[in-house]
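Student: Below you'll find the structure I mean.
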Amino acid sequence: MKNKIIYSALLLVGALFAVSCEYDETEFAKLTNNAPDPNATYYVQFKDASKDLESGVDESGNLVDIETSIVVAILGTPQSADITVNLEVDPSTTIASNMYELSSTSVTIPAGSTGGSVTMKTNTSEMPVGEKLQLVLNIDAGANTATAGTKLTYQLMRIAFCPLENGTADLAGSYASTIDLNGYGDAITATEVDGKLSISGLGVSFINNFWGEDVIAGGTITAEVAGNGVITIPRQYIYTTTYQGDPYEYEIAGTGKWTNCDAKPTLVIDYDIYYVGEDQGLASQYFPTYLASSTLGGTFTMN
């Protein structure tokens with residue numbers, strides 16, 4: 001008897017499925033709560049109506065424009081027809097019209113969809129350096145304009161960046177430590193070798209004074225310099241020390257950036273010193289009990 005009941009139930013489910021297959025997708029949608037309703041009340045507003053954006057620089061040192069999407073979202077049930085929403089520039093906008101472009105001055109929300117977008121892109125070369133400008137837009141959807149979220153305010157800024165006229169050679173020279181993360185600042189020297197920066201002197205005072213070992217060999221490392229201001233110190237040997245008559249080798253790895261807009265170039269270098277083969281650096285191990293920062297380094301200004 002139990003098997004007969006189960007078999008009857010399976011036949012009933014199969015019959016219902018067969019009937020449901022007679023409906024097309026539109027008919028099925030009408031039986032759910034997700035179907036577009038041409039008579040439903042809806043409102044529109046900006047999504048992510050506030051952003052703070054800065055321009056960039058590519059690896060060759062060229063400006064990278066700010067590019068982002070301006071999204072208008074629907075509040076309520078998706079509609080059965082396209083919705084067109086006009087965008088109006090607010091008088092409080094401070095960015096000039098020649099400094100940016102909109103792909104359209106209206107947003108179309110396709111039928112059945114919950115939102116649509118246009119693209120905003122800056123003409124960064126026309127923008128002043130280091131000054132925040134505002135792009136303020138308003139939504140105009142008539143009676144369907146929401147009561148909130150209808151004003152978009154983007155803060156846009158062209159970062160201060162001065163490319164190297166002669167490549168890495170412009171960073172060659174002697175530097176003093178002007179900002180130090182852990183109080184073991186070093187005077188360093190940098191030379192250009194095959195497009196890379198050869199740096200001597202990093203970490204010597206830390207090893208001598210904090211670690212209590214004398215450097216007996218090494219001390220010069222190679223850093224990679226990118227045209228967009230990035231410095232990379234791949235993990236590599238830095239020096240050999242002696243402790244109670246025994247030699248010890250250490251490695252370094254780090255990151256940083258260079259700047260060239262002031263009267264003198266600066267190098268901001270963030271690094272740590274490692275025993276050969278170990279994953280955790282010395283500064284990381286002794287922070288925060290004995291050191292103020294989990295890395296070494298800071299800002300070095302050319303003399």
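What follows is calculated from the coordinates using simple rules that are stated; it is not laboratory data. On a predicted model such as this, the values are computed, not experimentally measured, just so you know. In this analysis, Cβ positions are derived from the backbone assuming ideal geometry, glycine residues included, and neighbour counts consider all displayed protein chains.
Student: Considering only DSSP states other than H, G, I, E and B, which chymotrypsin sites (Phe, Trp or Tyr not before Pro) in segment 205-302 qualify as loop sites with at most 11 other Cβ atoms within 10 Å?
Tutor: When the chymotrypsin sites (Phe, Trp or Tyr not before Pro) of segment 205-302 are filtered for loop state and at most 11 Cβ neighbours within 10 Å, 290 remain.
Student: Let me have the 222 nm mean residue ellipticity of the chain computed from DSSP H runs of 4+ only, each contributing -39500 (n - 2.57), with the sum over all residues rounded to the nearest 500.
Tutor: -3000 deg cm²/dmol
Student: Output the 0 to 90 degree angle, nearest 10, between the alpha-carbon long axis of helix 2-20 and the longest principal axis computed from the alpha carbons of the chain.
Tutor: The two axes meet at around 90 degrees.
Student: Inverting the mean 1/r over all pairs of different Cα atoms, compute the Kirkwood radius of segment 167-302 and quote it in Å.
Tutor: In segment 167-302 this quantity evaluates to 15.0 Å.
Student: If you don't mind, there's one more thing I want to ask. So for the chain, taking the charge dipole from beta-carbon charges (+1 Lys/Arg, -1 Asp/Glu), which of 219, 293, 169 sits furthest toward the positive end?
Tutor: 293
Student: Only Lys, Arg, Asp and Glu count, each charged at its Cβ (+1, +1, -1, -1), so figure out the dipole size of the chain about its Cα centre, rounded to 20 debye.
Tutor: 1040
Student: I'd like the Karplus ³J(HN,Hα) series for segment 195-211: coefficients 6.51, -1.76, 1.60, θ = phi - 60°, whole numbers in Hz, and an x wherever there's a Gly or Pro.
Tutor: x, 10, 9, 8, 10, 10, x, 5, x, 5, 5, 5, 5, 5, 9, 8, 7
Student: For the chain, just say rounded, prolate or oblate: build the C-alpha gyration tensor, square-root its eigenvalues into a ≥ b ≥ c, call rounded for a/c under 1.5, and beyond that prolate if a/b exceeds b/c, oblate if not.
Tutor: Oblate.
Student: Springs between alpha-carbon pairs under 10 angstrom, Gaussian network model over the chain: which of 234, 247, 163 fluctuates most?
Tutor: 247
Student: Quick check: residue separation of residue 280 and residue 255 times 0.36 nm, minus the Cα distance between them. What number comes out in nm?
Tutor: 7.4 nm
Student: Sticking with this structure for a sec: Considering only 129, 109, 60, whose Cα is most displaced toward the positive end of the charge dipole of the chain, charges sitting on Cβ of Lys, Arg (+1) and Asp, Glu (-1)?
Tutor: With unit charges placed on the Cβ atoms, the residue in question is 109.
Student: To continue, here is another question. Under 5 Å between amide hydrogens, which residues at least 5 positions from residue 294 or on another chain qualify, with H placed 1.01 Å from N in the peptide plane?
Tutor: For residue 294, no residues qualify.
Student: Continuing with the same structure: Taking the Cα-to-Cβ direction at residue 84 and at residue 101 and moving 7 Å from each Cα, how far apart do the two end points lie in nm?
Tutor: Between residue 84 and residue 101, the simple spin-label model gives 2.2 nm.
Student: On to the next question. Checking the a/c ratio against 1.5 first, then a/b against b/c, what shape does the Cα gyration tensor give for segment 42-157?
Tutor: Note, shape of segment 42-157 comes out prolate.
Student: Once phi is turned into ³J(HN,Hα) by the Karplus curve 6.51 cos²θ - 1.76 cosθ + 1.60 with θ = phi - 60°, what whole-Hz value does each residue of segment 79-84 show in order, with x for glycine and proline?
Tutor: So the Karplus estimates, Gly and Pro as x, are 8, 8, 10, 4, 10, 10 Hz.
Student: Which order do the peptides 117-123, 291-297 take when ranked by the mean count of other beta-carbon atoms within 10 Å per residue, highest first?
Tutor: Ranking, from highest mean packing down: 291-297, 117-123.
Student: In a Gaussian network model over the chain where Cα atoms closer than 10 Å are linked, find which of 75, 267, 164 has the largest mean-square fluctuation.
Tutor: Result for the chain, Cα springs under 10 Å: 75 fluctuates most.
Student: Test of the criteria: in segment 113-212, which GluC sites (Glu not before Pro) are in a DSSP loop and have at most 16 other Cβ atoms within 10 angstrom of their Cβ?
Tutor: 131, 165
Student: Say R0 is 45 Å: what FRET efficiency, to the nearest 0.05, do residue 121 and residue 214 get from their beta-carbon distance?
Tutor: Once the sixth-power term is evaluated, E becomes 0.20.
Student: Which of the GluC sites (Glu not before Pro) found in segment 46-107 are loop residues per DSSP with 11 or fewer other Cβ atoms within 10 Å of their Cβ?
Tutor: 59
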